[in-house]
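K.L.:
Right, I'll just put the structure down here and ask away after.
What follows is calculated from the coordinates using simple rules that are stated; it is not laboratory data. In this text the structure is predicted, and so the values were computed from the model without any measurement. All Cβ positions, even for glycine, are placed from backbone atoms using ideal geometry, and neighbour counts span all protein chains on display.
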Amino acid sequence: MTTDLAWTDTRSSAPPALGGVSHYLALSRLPVAVFTWIPYVVGGLLVPGLGVGGWLVLIGAGTLLQAFACHVNDLTDLASDRLNPARLRSPLVRGAVAPATVAGWAVTEAAVLAAAAWALADGTVARAGLVGVVVLTAWLNILQKSPERGSPMLWDYLFGVAMAAPLPLVALARGGHAGLPVCLLVVGFGFHMVATNSSVGNLKDIATDRSAGSRTTAIALGVRTRHEGGFHFPRRYLAFVLSAQVGVAGCTVAAAVVLGVRGWDVRQAVLAMGGAVLALASSAGLARLFTGPGPFADVSRSELTAPSRRGQLPPGWLRNGGWSFGNTLAFLLGCAAVLPGPSAARLAIAVAGWFAAVLAVARLRTVRARRDALDTGATGAAS
């Protein structure tokens, strides 16, 4: 249940140690780990006194949970990934790393997350909850596409719970609590994960999932690909995805209303209202993608997993995933409205820094790949 936007492994040869690190990074999809660690960090910021060490621990925990989810997901989806042209460069699919190695990574990550939660969290409820998030994440990634077990629609909602739950749990672990506006934003973030996974997450791999006998929400609710491109969306599928998106907008607007009723300053008003407007705009954008000309046409060609020509973002990402990014930004604006000014500024700097680093590394890798290609061509011409 993870987005396949990732650093692709462009190196043709590397020392074993460096090659192992490169494979780990590629399979961990670290560029999108920001969406996993944001709830951890926001939960930590709800309680005053979070130092640099605490920041690093929370970002590390969220990033490690992202890597763990991806590794379990890759092992579970290995059969269908071998049928998916967009996944052929995966180190696991092409045999550069053994399934047993990836399984070892996943076990180690789960153990570290569980040990850290038990050692650092304050209170049994918070400890058990944070460990439960790890267990739920593994369980969902194992069962998510099973043709025989349970309902994929239920799995999508439990996925939303697993993604959003760290925020109140981390606040509880630090001896604090999440107020009503924050709880509304947490529920909205869960809806956001449901809408994203059941649309972009399902549609980009629908052909290979169907060939492999997997059962996702999109397949279970009757989505079909069209010969001319794009998809046929049954009403029940549209109702499922759009109702989740309505939940995003409703919770974000409700959080802004609660803040307003309780009395907000100018900063809080601008941020909360901005988040509410952005959530509504994202809802309109998603509805437009489903009903407009050529809906999700780029996703049907798996462009979400293809590298862009400039090595930054896939060409279909902003059109088909932009509404999802808008949801995330609306969540961040809402959280910034709730947090004290200095904490909100630190959160903004951390998120912006993460994206800047992702784009910079992607650019450097592309430049290196082009240089290697030119060197290979020159060597071939000389010989």
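K.L.:
Round to the nearest 0.05 the FRET efficiency obtained for Ala360 and Asp122 when R0 = 35 Å and r is the Cβ-Cβ distance.
P.N.:
Once the sixth-power term is evaluated, E becomes 0.40.
K.L.:
Among 202-208, 353-359, 91-97, 126-132, how do they line up from the highest to the lowest mean number of other beta-carbon atoms within 10 Å?
P.N.:
Ranking, from highest mean packing down: 202-208, 126-132, 91-97, 353-359.
K.L.:
Can you tell me the dipole magnitude for the stretch 16-374 around its Cα centre, using point charges on the Cβ only (Lys, Arg +1; Asp, Glu -1), in Debye to the nearest 20? Intermediate results must be reported in sequence, preceding the final value.
P.N.:
Values: 29 positive and 14 negative charges, 172 e Å.
Value, rounded to 20: 820 debye.
K.L.:
Let me ask something else. Order the peptides 263-273, 322-332 from the highest to the lowest mean number of other Cβ atoms within 10 Å of their residues.
P.N.:
So the order, starting with the most tightly packed, is 322-332, 263-273.
K.L.:
Within a Cβ distance under 15 Å of Ala344, other residues only, what is the Lys/Arg minus Asp/Glu net charge?
P.N.:
Combined, the nearby Lys, Arg, Asp and Glu give +1.
K.L.:
If amide hydrogens are placed 1.01 Å from N in the peptide plane, which non-local residues have theirs closer than 5 Å to the one on Thr225?
P.N.:
HN-HN under 5 Å from Thr225: His232.
K.L.:
For the pair Val257 and Ala79, what calculated FRET efficiency results from E = 1/(1 + (r/R0)^6), where r is the Cβ-Cβ distance and R0 = 51 Å, to the nearest 0.05?
P.N.:
Rounded to the nearest 0.05, the efficiency is 0.60.
K.L.:
Expected output is a single nm value to one decimal: the length gained when fully extending between Val52 and Thr225, i.e. 0.36 nm times separation in residues minus the C-alpha distance. What is it?
P.N.:
Details: separation 173, 0.36 × 173 = 62.28 nm, distance 4.86 nm.
Taking 0.36 nm per residue and subtracting the Cα distance, the gain is 57.4 nm.
K.L.:
Spin-label point model (7 Å from Cα, Cβ direction): what's the Cys183 to Ala269 distance in nm?
P.N.:
A separation of 2.7 nm, rounded to one decimal place.
K.L.:
Another question, if that's okay. Using alpha carbons only, how many angstrom separate the centre of the stretch 179-209 from the centre of the stretch 28-67?
P.N.:
After rounding, the separation between the Cα centres reads 19 Å.
K.L.:
Quickly work out the Arg235-to-Ile349 label distance, labels modelled 7 Å from Cα along the C-beta direction, and quote it in nm with one decimal.
P.N.:
Taking the two extended label points, one gets 5.3 nm.
K.L.:
Still on this structure, I have one more. Could you calculate the FRET efficiency of Arg89 with Val246 from 1/(1 + (r/R0)^6), where r is the beta carbon distance between them and R0 is 30 Å, rounded to 0.05?
P.N.:
Given R0 = 30 Å and the Cβ-Cβ separation, E is 0.20.
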